[in-house]
1. Working only within segment 94-118, note down all residues that are among the acidic types (Asp, Glu) and over 30 Å from residue 41 (Cβ atoms).
2. Of the residues that make up segment 68-77, is at least one β-branched (Val, Ile, Thr) and in contact (Cβ under 8 Å) with a residue 40 or more places away in the chain?
3. Can you say whether residue 90 is in a helix (DSSP H, G or I) and modelled with pLDDT of 90 or more, as far as the supplied structure shows?
4. For residue 72, state whether it is assigned to a helix (DSSP H, G or I) and farther than 30 Å from residue 144 by Cα.
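The values are calculated or read from the model by the stated rules, or taken from the named source; none is laboratory data. Because the structure is a prediction, the values reported are computed rather than measured. With ideal geometry, Cβ positions are generated from the backbone for all residues, glycine too; neighbour counts draw on all protein chains shown.
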Amino acid sequence: MAIFSRFADLVKANINDLLDKAEDPEKMLKQMIIDMEEQLQKATQGLGQVMANERQMRKQVETAEAQSRMWEERAKIALKAGEQELAKHAVEEKLKADENVKQYRSMHSQLELQMESMREQVNVLKGKLEEARSKQSLLIARAQVAEARQGVSEALGGVDGSGAFAKMEKMERKISQMEAQADAAIEISGLEAREEDPFAKLEKKSAADEELARLLKEIAKE
């Protein structure tokens, strides 16, 4: 039946597919439970209709059986009274009632099989619904954890590195690179050695003193 097929499809819903397609997994899970309950309600109503038909058919069987017994008794009464034609008429009516009994019993037997099959299916659906309800909280928790993990991943930069933390790290790396480039430029130009190296300062002072002494000697000679 379409009701049972639809219910089975709902029960087989996959949490990963749910997370891919649903904007709000918790809301969707709750709606799925509602849909399952509606499908179970329809299946239960269908079972109720079959049960009502079975009871009605059982009464028809009982009525036909009572008619057969009644006409049989009338045929016996007519025979005892020597009323052959009347007895023959009663027998003909009994045969009609017997034919109805046969047909009604066959129909009743089919309805009983359908009723038992549907009752088993409804019980299975009830079990699956209870299972889905018990899983609902777990699935919602898993969805919330997945959403939280995704949020943390996005904060840290995600796939495209657009998060605030990732931007900060990127800026830090850029500044470090700029500092390294500046250090390299200073080292290449020798500016740092001239301005910062104490030995370079001493060498410069010594050269100046030597030049001053030379000049003083030349002046003294003159």
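1. 98, 99, listed by residue number.
2. Checking segment 68-77: not a single residue is β-branched (Val, Ile, Thr) and in contact (Cβ under 8 Å) with a residue 40 or more places away in the chain.
3. yes
4. yes
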